[in-house]
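Every number here is computed from the coordinates shown, using simple stated rules; none is lab data. Here the structure is a predicted model, which means the values were calculated and not measured. Here the Cβ positions follow ideal geometry from the backbone for every residue, glycine too, while neighbour counts run over all protein chains shown.
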Amino acid sequence: MVLFDEMNHTKISIALSVLTIFSIFLIVDYLEHNLAFGSFHENSIITIGLDSEFLTYDDLITGFSIKYPPGWERAQHIDKSVTFLAPRESNSDTNPAGLGIMVKEVESNSTLASITQNQLNTLKSLYPDIQILESMETIFLGHPSHMIIFTATDNTQSMRKAMQIWFKEDNKAFLMTYKSDNQRYSKYLPTIDKMLNSFYTYKK
């Protein structure tokens with residue numbers, strides 16, 4: 001989960017972390033340390049077929065809709081972000097992977113380039129060992145966007161892998177963060193892809 005020029009004014013608004021510890025959204029300093037990473041234990045994969053009957057989440061306040069697999073946990077937070085978390089094992093109190101979405105108001109003249117530069121600078125300052133594997137401009141469901149894939153050490157001193165996609169629409173910036181542990185990243189990716197492909201924004 002870090003975005004936009006305006007997000008520099010408040011620590012809590014510079015990132016979205018796909019987290020399993022919901023209380024971090026209540027503590028600004030802790031959130032800042034976990035912008036892109038949370039504490040996911042080594043859990044077995046629970047496979048969700050791509051033909052599953054996905055559920056629909058509509059966020060009429062921030063203006064988007066997305067589908068997510070049945071059995072996944074959904075959590076809404078005080079900063080209006082939302083996370084979708086893969087099922088836990090019975091012997092674990094954390095989730096192995098998840099997708100988070102944050103929407104923030106930005107100036108209408110903010111550019112994708114400035115958002116991207118700010119995002120990359122913030123990630124590098126927060127995670128000294130960050131390794132950016134890919135960083136590219138792309139098109140996300142018709143929107144000019146930027147995508148990065150990277151690894152970094154989280155607050156549990158575990159190496160995690162994440163993908164972030166951000167784009168701007170009118171005076172809103174959307175940030176989506178997928179995170180899993182390094183070994184399970186590719187196994188969850190098909191489910192995340194289907195979720196992201198179902199995403200759309202409401203036009204006012």
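By definition, a body whose alpha carbon gyration tensor gives a ≥ b ≥ c is prolate when a/c is 1.5 or more and a/b is larger than b/c, and the stretch 96-179 fits this prolate description. Subtracting the Cα-Cα distance of residue 189 and residue 129 from 0.36 nm times their residue separation leaves 19.2 nm of extension gain. Between residue 80 and residue 202, the simple spin-label model (points 7 angstrom out along Cα→Cβ) gives 1.2 nm. Over all other residues within a Cβ to Cβ distance under 14 Å of residue 176, the charged ones net out to +3, with Lys and Arg as +1 and Asp and Glu as -1. Net charge near residue 68: determine it from the other residues with C-beta under 10 Å of the C-beta of residue 68, scoring Lys and Arg +1 and Asp and Glu -1. Taking every Cβ under 10 Å from that of residue 68, the sum is +2. If you wrap a convex hull around the Cα atoms of the stretch 48-199, how much volume per residue is inside, in Å³? Enclosed volume per residue, from the Cα hull, is 127 Å³. Is the shape of the stretch 53-138 best called rounded, prolate or oblate, per the rule: a/c under 1.5 gives rounded, else a/b larger than b/c gives prolate, else oblate, with a ≥ b ≥ c the square roots of the Cα gyration tensor eigenvalues? Since a/c reaches 1.5 but b/c is at least a/b, the shape of the stretch 53-138 is classed as oblate.
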